[in-house]
Amino acid sequence: MNEYAIVIEDAGQNFSAYVSDLPGCVSTGTSVDEVTEHIQEAIALHIESLREHGEEVPPSTSRASTVQVA
C-alpha cells in the first residue's frame, strides 16, 4: 500500500486537492472530507491507469508540514 501526501486548497466555493508526486492527479469537493475522499479515489485510478499503460508508479517522496509565522 502506498501513502501519498496531498495538498488541499480552499477554492472559494469548493475545495481542490492535488498530489505533487503524481502529476495530473487532482480532484475537487464541496468540503474537506469530500475532497479527501475524491482524491483518494483519484489516486487509485491514476495508479491503475499507470500500471495498465506499463508506466512506472512514482514513489511517494513528498512530505507536508505546517509552520507558524508571527
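With respect to the chain, whose longest principal axis is taken over its alpha-carbon atoms, helix 32-52 is tilted by about 20°. Accessible surface computed residue by residue for the stretch 1-67, with neighbouring protein chains in place and a 1.4 Å probe, gives 72 Å² per residue. Taking a ≥ b ≥ c as the square roots of the eigenvalues of the Cα gyration tensor of the chain, is the shape rounded (a/c under 1.5), prolate (a/b larger than b/c) or oblate? It comes out oblate by the Cα gyration axes. Sorting H53, H46 by accessible area puts them as H53, H46; the probe is 1.4 Å, largest comes first, and only protein heavy atoms count.
A cut-off under 11 angstrom between Cβ atoms defines the neighbours of S31, and their net charge, with Lys, Arg +1 and Asp, Glu -1, is -4. Roughly speaking, to the nearest percent, how much of the chain's 1.4 Å accessible area is carbon and sulfur? Within the chain, the accessible surface is 49 percent carbon and sulfur. For E34, the solvent-accessible surface with a 1.4 Å probe is about 60 Å², rounded to the nearest 10.
Projecting label points 7 angstrom from Cα along Cα→Cβ for I8 and E34 puts them 1.3 nm apart. Only helices enter the 222 nm calculation for the chain: every DSSP H run of n ≥ 4 contributes -39,500 (n - 2.57), and dividing by all residues gives -10500 deg cm²/dmol, rounded to 500.
The values are calculated or read from the model by the stated rules, or taken from the named source; none is laboratory data. All values derive from a computational prediction rather than experimental measurement. Note: ideal-geometry Cβ built from the backbone for every residue, glycine included; neighbour counts use all protein chains shown. Heads up: the accessible areas ignore ligands, DNA and RNA and are worked out on the full protein's heavy atoms, side chains in. Shrake-Rupley method; radii C 1.70, N 1.55, O 1.52, S 1.80 Å.
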